[in-house]
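Each remark here refers to the structure printed beneath this line.
The values are calculated or read from the model by the stated rules, or taken from the named source; none is laboratory data. The shown structure was predicted, so the numbers you read here are calculated from the model rather than taken from an experiment. Reconstructed Cβ throughout: ideal geometry from the backbone, glycine too, with neighbour counts over all protein chains shown. In case anyone asks, the SASA skips ligands and DNA or RNA and just uses the protein heavy atoms, side chains included. Shrake-Rupley method; radii C 1.70, N 1.55, O 1.52, S 1.80 Å.
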Amino acid sequence: MLRGTFQLMKSVNKTSILNKIRLAEPISRAQISKETGITAPTVSAIVKELIKEDLVEESVLGKSKGGRKPTLLLLKRDGHFVIGVDAGSNSIRVVATNLVGDVLYHRHQAVSKGISQNDYLVELSRVIKWVLDDLSERQDKVLGIGVAMHGVVRIASGEALYASSTGFRHLPIKAFLEELFPYPVIVENNSRAMTFGEYWFGNFDDAKTLIGISIGRGVGSGIIINGRLRHGAQDIAGEVGHMVVDYQGIKCSCGNYGCWETLITGDAIVRQVIKMGWSEPDITPEKVYQAALDRDPLAIKALASVGRMIGIGIVNLIHIINPDQILLGGGVMNSQEFLMPEIRKVISERALTEKSRLENHIVLSQLKEKATVLGAAAIVLKDLF
Ligand SMILES: [Zn+2]
């Protein structure tokens, strides 16, 4: 079965020319040659191939004083498409994007509680099918499907090994979807995908080492070093939610005690505010945030305390990875105005050196709730570029 156009992109020169165009467009052939060190005839030959493959197109924007106008090259935005899937425990989101991440179609489906593994796979394929139908004849130009899955993912086999929120084990996502659709399928952990989406589409080109931390119902992260996501020896690199910060703490969904996740998620916010004296029924993290906005002192105190715990974990991560940038996302960060001052304070008190105390770059997710699904699309694009 034909699996997209990845096979076309084997040459190193071709990859670097395509990337040069992506990052520096509009750009002339001469400029590409100058900046990549690839000879002019080779650039011309490869650009010809790229144009033929609908990856690059010529524009007429170039200006010159007299003589011939230089022809500038652009990425052919709608030459190809990718499918991004955010496979969450509560909902499935699927988008079709073009080569620069513009979302053409978006479908969304709630997932019922207690769904079986097989029904979940069927649901995934159903929502993907809707988006492919939306693309209609352009589905011939789809390069691949990227799936951002909650829980631990085995990258090589595209299998979800374990997801604590749904209890899924050994879910063969890649095998199932590749059986149904004629495209390559790449499966990645959702927090890694979120981080990669921000890196690829956001303003992170210069970040040599980036850690993205997603704090919501659970806690996950993605670590990017020199432009590449790190997975580790057993695919659990970045499982920072299960970093133990209080060995005498409460039991975590993973079975350990005092994991970072038990102290900073939405549930942790609720536990904290109850501990501080709230007694009303049906407390949610959203209610706590709303109360904090209304200047409820206990709500503000509870969020500040969670902010401190977020800061403690980040200090640990600074000491292990020392990233150029730290990106924070996920639902809990919606309360950022109450959390960030405490996070910054803890880092300024506890990071090891003066430079690391003062010069840590913490930024908030720009793509917000779309980061994960766009990250899933970006993971497919990354294989092309
Ligand atoms: Zn844990």
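Just a few scattered comments:
- Proximal lysines to Lys355, defined as alpha-carbon separation beneath 25 angstrom and excluding residues fewer than eight positions away on the same chain: Lys208, Lys345
- Per residue, the stretch 206-365 exposes an accessible area of 50 Å² to a 1.4 Å probe, with every protein chain left in place.
- Cut-off 10 Å between beta-carbons: net charge of the residues surrounding Gln325, Lys and Arg +1, Asp and Glu -1: -2
- DSSP-defined antiparallel bridges as percent of all bridges, the chain, nearest 5: 65 percent
- Residue by residue, the stretch 150-158 carries 3J(HN,Hα) couplings of 6, x, 7, 10, 8, 5, 4, 9, x Hz when phi is fed to the Karplus relation 6.51 cos²θ - 1.76 cosθ + 1.60 (θ = phi - 60°); x denotes Gly or Pro.
- Net charge of the neighbourhood of His106, taken over other residues with C-beta under 12 Å away and scored Lys/Arg +1, Asp/Glu -1, is -1.
- Springs between Cα atoms under 10 Å define the GNM used for the chain, and in it the highest mean-square fluctuation of Glu198, Glu159, Glu58 occurs at Glu58.
- In summary, the aspartates and glutamates within cross-link reach of Lys113, defined as a Cα separation below 16 angstrom excluding same-chain residues under 8 places away, comprise Glu123.
- Shown for the chain: the carbon plus sulfur share of the solvent-accessible area, taken with all protein chains present and a 1.4 angstrom probe, equals 50%.
- Probe 1.4 Å - accessible area at Ile274, Å² to nearest ten: 90 Å²
- Amide H within-cut-off set for Ile362, under 5 Å, with H built and near neighbours excluded: Ile326
- Measuring between alpha carbons in the structure, the pairs from Lys251/Lys368; Lys141/Lys382; Lys48/Lys76; Lys34/Lys382 lying more than 19 angstrom apart are Lys251/Lys368; Lys34/Lys382.
- GNM top mover of Ala156, Ala193, Ala371 - the chain, alpha-carbon springs below 10 Å: Ala156
- Projected label distance in nm at Ile274 and Arg228, using a 7 Å step from Cα toward the beta-carbon: 4.5 nm
- Sequentially through the stretch 306-319, phi angles give Karplus couplings (6.51, -1.76, 1.60; θ = phi - 60°) of 5, x, 4, 5, 4, x, 4, x, 5, 4, 4, 5, 4, 6 Hz, Gly and Pro residues having no value and appearing as x.
- Summed residue charge, Cβ within 13 Å of Leu339's Cβ, Lys/Arg positive, Asp/Glu negative: +2
- Comparing Asn190, Asn19, Asn98 in a Gaussian network model of the chain (Cα springs below 10 Å), the most mobile by mean-square fluctuation is Asn19.
- In Å², nearest 10: area of His106 left accessible to a 1.4 Å probe: 90 Å²
- Shape category assigned to the stretch 258-385 from the gyration tensor of Cα positions, a/c cut at 1.5: oblate
- Ellipticity at 222 nm from helices only: DSSP H runs of n ≥ 4 in the chain, each -39500 (n - 2.57), divided by the residue count, give -12500 deg cm²/dmol.
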